[in-house]
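A short write-up of the structure that comes next.
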Amino acid sequence: MFCLGRERAGTTPLALRDEAARIVRAKETLRITPLTVIAEVHGDAAGFGAGIVASADIAVASDSARFWFPEIVGGLAPSVVISWLSKTIPYKVAFDMVTTGDAVDAREAKRLGLITDVVPGPELEASVDERLKRLRDMSPGAIREIKEFFVRIRGLDPANSAIAAIETLALSAVRNKAEKEQASA
């Protein structure tokens, strides 16, 4: 199992609103942290657990993992889930998942873009370790800039995305030059 969600904080509208606000803050923290967030999914991920997976920068799952959003079964419209899921996978698939509570397997989750990769269960830890090694071999500054750029351009129109890209590339070149000079000193 990865994470089958969380216990509900309460059943009153105010308690549910406060719980939803905490979930939104947690998701936003994962989105804006300069660190690369990696989810290693050993098994089932439902509700908030599937949300953590979707919020990760990289998500690698075992071939036995499943993902679903069961809020509808309890009579709730999972609006918090919808607010980010619709930016992660195609609308029609997201709509179907949240209105039926049906699970998708790991291969389908990868095809949809919910996760990065699927590996046989016994190979999961080694696969994630290899990804970590590859990331460590790259420039930490460049990786941080890449994540910051993805956060920055979300919601921008193409023209403003292009302007942001030019600025980011110039700053990245300055950072890269400084890193190389420091390494050779």
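The values are calculated or read from the model by the stated rules, or taken from the named source; none is laboratory data. Owing to the predicted nature of the structure, the values given are computational and were not obtained by experimental measurement. Note: ideal-geometry Cβ built from the backbone for every residue, glycine included; neighbour counts use all protein chains shown.
Can you tell me which residue in segment 137-156 is farthest from GLU28 (Cα to Cα), limited to those that are outside any helix (DSSP H, G or I) and modelled with pLDDT of 90 or more? Quick ask: steps written out before the conclusion?
Quick first cut of segment 137-156, residues outside any helix (DSSP H, G or I) only: 137-139, 154-156.
Filter once more, keeping what is modelled with pLDDT of 90 or more: 137-139.
Details: ASP137: 27, MET138: 25, SER139: 25 Å.
Taking the candidates together, the pick is ASP137.
The condition (being hydrophobic (A, V, I, L, M, F, W, C), modelled with pLDDT of 95 or more and touching a helix residue (DSSP H, G or I) at 6+ places or on another chain (Cβ under 6 Å)) is satisfied by just one residue among VAL119, VAL104: VAL119. Residues of segment 18-55 that are surrounded by fewer than 20 Cβ atoms within 10 Å (Cβ to Cβ), part of a loop (DSSP other than H, G, I, E, B) and touching a helix residue (DSSP H, G or I) at 6+ places or on another chain (Cβ under 7 Å): PRO34, THR36, VAL37, HIS42.
Applying a threshold of 6 Å to beta carbon distances and a minimum spacing of six or more residues, or different chains, the list of pairs starting in segment 134-157 at a residue that is closer than 14 Å to LEU169 by Cα and ending at one that is of a type in the set (Lys, Arg) and part of a helix (DSSP H, G or I) reads GLY141/ARG175. Can you work out which of the residues in segment 59-94 that are part of a loop (DSSP other than H, G, I, E, B) and among the hydroxyl-bearing types (Ser, Thr, Tyr) is modelled with the lowest pLDDT? Filtering segment 59-94 for residues that are part of a loop (DSSP other than H, G, I, E, B) and among the hydroxyl-bearing types (Ser, Thr, Tyr), the one modelled with the lowest pLDDT comes out as SER86. Among the residues of segment 150-161, is there at least one that is of a type in the set (Ser, Thr, Tyr) and surrounded by 14 or more Cβ atoms within 10 Å (Cβ to Cβ)? Looking through segment 150-161, at least one residue is of a type in the set (Ser, Thr, Tyr) and surrounded by 14 or more Cβ atoms within 10 Å (Cβ to Cβ).
What about ALA103, is it free of Cβ contacts under 8 Å to residues at least 24 places away in the same chain, of a type in the set (A, V, I, L, M, F, W, C) and surrounded by 14 or more Cβ atoms within 10 Å (Cβ to Cβ)? So ALA103 fails the test. Given the condition farther than 27 Å from GLU123 by Cα and touching a Gly at 6+ places or on another chain (Cβ under 6 Å), answer yes or no: does some residue in segment 52-70 qualify? The answer is yes, given that some residue of segment 52-70 is farther than 27 Å from GLU123 by Cα and touching a Gly at 6+ places or on another chain (Cβ under 6 Å).
Being closer than 20 Å to THR36 by Cα and either outside any loop (DSSP other than H, G, I, E, B) or not assigned by TED's automatic domain parsing to the domain that holds ALA65 (or both) is the filter here; which residues of segment 95-118 pass it? The answer is LYS110, ASP117, VAL118. The listed residues are GLU167, GLU130, and the only one of them that is modelled with pLDDT of 90 or more, in the same structural domain as PRO34 (by TED's automatic domain parsing) and exposed (fewer than 14 other Cβ atoms within 10 Å of the Cβ) turns out to be GLU130.
Out of curiosity, is ASP18 modelled with pLDDT under 90, not assigned by TED's automatic domain parsing to the domain that holds PHE149 and not hydroxyl-bearing (Ser, Thr, Tyr)?
Values: modelled with pLDDT under 90: yes; not assigned by TED's automatic domain parsing to the domain that holds PHE149: yes; not hydroxyl-bearing (Ser, Thr, Tyr): yes.
Yes, satisfied.
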